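J.: What follows is a structure written as structure tokens; I'll ask about it next.
The values are calculated or read from the model by the stated rules, or taken from the named source; none is laboratory data. Computed from a prediction, not measured in an experiment: that's the story for all the values here. For neighbour counting, all protein chains shown are included, and Cβ atoms are generated from backbone atoms with ideal geometry for every residue, glycine included. What goes into the accessible areas is simple: the full protein's heavy atoms, side chains included, and nothing from ligands, DNA or RNA. Shrake-Rupley method; radii C 1.70, N 1.55, O 1.52, S 1.80 Å.
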Amino acid sequence: MALLVDSRSGVAIESFERALLNPSSMQGLCVPQNLPQVDFSTYLPLSYAQATHTLFETLELGLQNTLLARALARYSKFNAIAPLHALQGFKTPLYVQELFHGPTLAFKDMALQPFGVLLSGLAQQRQEKYLIMVATSGDTGPATLASFANLPNTCVCCLYPAKGTSLIQALQMQSMDAPNLKVLGLEGNFDDAQSALKALLHDEDFQTHLAQKDLRLSVANSINFGRIVFQMVYHIWGYLDLVRTGAIRYGDLVKILVPSGNFGNALGAFYAKAMGLPVEKISVVSNANDVLTEFFNTGVYDLRTRSLLKTPSPAMDILKSSNVERLLFALFGHTRTQACMQELQDRKHYTLTSSELQSVRAHFEAFSCDDAHCLETIARVYHDRHYLIDPHTATALYAYERLESRLPCVVVSTASWSKFAHTTALALGKQAKNDQEALQVLAKEGITPPTSVQELLSKPLAHKDRVGVSDLQHYIKAWLENF
């Protein structure tokens, strides 16, 4: 890889280390200027950690081998690493890639478990301390907190929409008890939380306050390029698993279907495809907040008449998908990217030309799934295939059934059903008032969650604060006084 650069200015970023530690110093986002071509069949004999290590070396990211190895050792905490589950009886070969076997039962663990060790290790080497900010729609927050808990030279402030997550997602954050963690329920939705985070990253007064406390500022959201590199690996791994099991031969094309909110997961698949992974297209699937579906189908990214809708798949309840900016850079360069992002900021919309849309659609197709079809898909897959999926995965399976392609398909499954028990019970025709009651109702049907979910219900809450956006900076400064 020649360079990491700023997506809006095109200016080179001195190192991957700087991109990890200081993503807020850029006008746009850290992106690769170009990507090397790779014969991923050479990865076939490797373990998951070895494949990750090899990818980092191929991308010339410049990390010390010992630090990367220590970070990748975090995968030993997983019950399984990105296994494929074949679903029989569909029109084409269908595989669900289960990315939810980490500590917080969501795909965000795949990137964030090693990410925390990397950032903490680099901070220690530099003898620096970092405040890590994270905004979450439900899964990034728990995964970040679980990764950074008690890691030296770091403290984490997590923002989540106070009424925008499932009970289990909220409890995972609120019960996370470590002295270097702070969780704040924000009055508003995820877009409000993400906007508040971005505002803090560029707030001079906040930066000055941190400097006075000898703290530097970083971020764990996927605007940090370190997240994206890790998210490339499981798409490569899933394809190679199909080859290892004889389902396909190396070089055969597949489709990857990704339930998408902030677009980081699908972007990881795009980068892997750009490096040579034999993927025909990536299917981007939205819920009722279908701004991405509109964008990939029409070339128009338009927020003018939209308001965020609450759906059964809350991690996808996003309208401002940050990682689309990286896609624009990859296809059209920094000048066009800057123009689109400025137009989105000023006018709340931008439009691709017909030739630009054609370039996008060479790699992507898009679908959406409304709430009713989401629930219906959960029920049908469970009753027909005896396989229980979460509402995000359900959107992708619904989209799969509308594909015209006959290629093998990999549906990316982003979370355990147990994080959305009330939705699961509702889909299966069971009455329950909330997630806690739903878990009890489902248990009577022989559907039991992982032990970690049951334990959450009786854990004491370490974080109960709810704040408005205008009070956010005050709360964070007050907490840092005691850190």
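J.: Defining a contact as two alpha carbons under 8 Å apart and six or more residues distant in sequence, what relative contact order in percent does region 191-334 show?
T.: It rounds to 22 percent for region 191-334.
J.: What do you get for GluC sites (Glu not before Pro) in region 334-442 restricted to DSSP loop and a cutoff of at most 15 other Cβ within 10 Å of the site's Cβ?
T.: Those that pass, being in a loop and sparsely packed, are E401, E404.
J.: Please find the FRET efficiency linking S76 to T42, where r is the Cβ-Cβ separation and R0 is fixed at 25 Å, and quote it to the nearest 0.05.
T.: Once rounded, the FRET efficiency stands at 0.55.
J.: Considering amide H positions built from the backbone, and no H for Pro or chain starts, which residues 5 or more places from V183, or on another chain, come under 5 Å of its amide H?
T.: Sorted by chain and number, the residues that satisfy this are C158.
J.: In percent, what relative contact order does region 1-126 have, based on Cα pairs under 8 Å that are 6 or more apart in sequence?
T.: It comes to 20 percent, rounded to a whole number.
J.: Between D346 and N434, how many nm apart are label points set 7 Å from Cα along the C-beta direction?
T.: Calculated label separation equals 4.8 nm.
J.: Compute the accessible area per residue over the chain, keeping the other protein chains in place, probe 1.4 Å, unit Å². List each step's numbers first, then the result.
T.: Numbers: 18050 Å² over 483 residues.
It amounts to 37 Å² per residue over the chain.
J.: In whole Å, how far is the Cα centre of region 163-239 from that of region 25-78?
T.: What the calculation gives is 22 Å, centre to centre.
J.: Moving on to the next point. Quote to one decimal, in nm, the extra length available between S359 and S458 on full extension: 0.36 nm per residue of separation minus the C-alpha distance between them.
T.: Taking S359 through S458 to full extension adds about 30.5 nm, to one decimal.
J.: Straight-line reach only, C-alpha to C-alpha below 13 angstrom: list the aspartates and glutamates that K182 could link to, leaving out same-chain residues fewer than 8 apart.
T.: Here the aspartates and glutamates satisfying the reach criterion relative to K182 are D465, E481.
J.: While we're on this one: Considering the zone a paramagnetic label at V300 would reach in this model (a point 7 Å from Cα along the Cα-to-Cβ line), which residues of region 330-361 have amide N under 12 Å from it?
T.: 349-352
J.: How large, in percent, is the carbon and sulfur part of the accessible surface of region 373-483 at a probe radius of 1.4 Å?
T.: About 46 percent, which is the carbon plus sulfur part of the accessible surface.
J.: To continue, here is another question. Among the listed pairs K310/K419; K198/K320; K320/K433, which are separated by more than 21 Å between their Cα atoms?
T.: Beyond 21 Å between Cα atoms: K320/K433.
J.: Relative contact order of the chain, please, whole-number percent, based on alpha carbon pairs below 8 angstrom and at least 6 residues apart.
T.: On the way: 954 pairs, mean separation 91.3, N = 483.
Reported as a whole number, the value is 19 percent.
J.: Tally Lys/Arg at +1 and Asp/Glu at -1 over every other residue whose Cβ is under 10 Å from the Cβ of T424; what's the total?
T.: Every neighbour counted, the sum reads 0.
J.: Also, I was wondering about something else. When the Karplus curve 6.51 cos²θ - 1.76 cosθ + 1.60 is applied with θ = phi - 60°, which whole-Hz ³J(HN,Hα) does each residue of region 3-19 get, with x for Gly and Pro?
T.: So the Karplus estimates, Gly and Pro as x, are 7, 9, 9, 7, 4, 9, 9, x, 6, 5, 9, 4, 6, 4, 4, 5, 4 Hz.
J.: Residue by residue through region 227-240, what is 3J(HN,Hα) from phi via Karplus (6.51 cos²θ - 1.76 cosθ + 1.60, θ = phi - 60°)? Round to whole Hz and write x for glycine and proline.
T.: Values, residue by residue: 4, 5, 4, 5, 6, 6, 5, 6, 5, 4, 4, x, 4, 5 Hz.
J.: For R244 and T66, compute 0.36 nm times the residue count separating them, minus their Cα-Cα distance, and round to one decimal in nm.
T.: 61.2 nm
J.: Okay, next question. All other residues with a Cβ under 12 Å from the Cβ of N289 taken together, and with Lys, Arg as +1 and Asp, Glu as -1, what is their net charge?
T.: Net local charge, N289 excluded: -3.
J.: Please sort 26-39, 190-203, 75-88, 109-122 by packing, taking for each peptide the average over its residues of neighbouring beta carbons within 10 angstrom, highest first.
T.: Output ranking for 26-39, 190-203, 75-88, 109-122: 109-122, 190-203, 26-39, 75-88.
J.: Label Q88 and D214 with points 7 Å out from Cα along Cα→Cβ: what is the distance between them in nm?
T.: Output for this residue pair reads 6.3 nm.
J.: Using helices alone, I'd like the mean residue ellipticity at 222 nm for the chain: each DSSP H run of four-plus residues gives -39500 (n - 2.57), total over residue count, nearest 500.
T.: Theoretical 222 nm ellipticity from helices: -13500 deg cm²/dmol.
J.: A further question follows. From the phi angles alone, apply the Karplus equation (6.51, -1.76, 1.60; θ = phi - 60°) to region 334-341 and give each ³J(HN,Hα) in whole Hz, x where the residue is Gly or Pro.
T.: Computed from phi, the couplings for region 334-341 are 6, 5, 5, 4, 4, 5, 5, 5 Hz.
J.: Shape of region 374-464 from its Cα gyration tensor (a ≥ b ≥ c, root eigenvalues): rounded if a/c is under 1.5, otherwise prolate when a/b > b/c, or oblate?
T.: prolate
J.: At R0 = 41 Å, how high is the FRET efficiency between L407 and K444 if r is their beta carbon distance? Nearest 0.05 is fine.
T.: For L407 and K444, the calculated efficiency is 0.50.
J.: Region 381-452 to region 245-293: how many Å between their Cα centroids?
T.: Region 381-452 and region 245-293 have Cα centres separated by 21 Å.
J.: How much FRET efficiency would the formula 1/(1 + (r/R0)^6) give for Q125 and H202, where r is the Cβ-Cβ distance and R0 is 22 Å, rounded to 0.05?
T.: 0.25
J.: While we're here: In the neighborhood of A80, defined by Cβ-to-Cβ distances under 13 Å, what is the net charge if each Lys or Arg adds +1 and each Asp or Glu adds -1? Could the numbers behind the result be given before it?
T.: Numbers: positive: K77; negative: E98, D109, D241.
Here the charged neighbours net out to -2.
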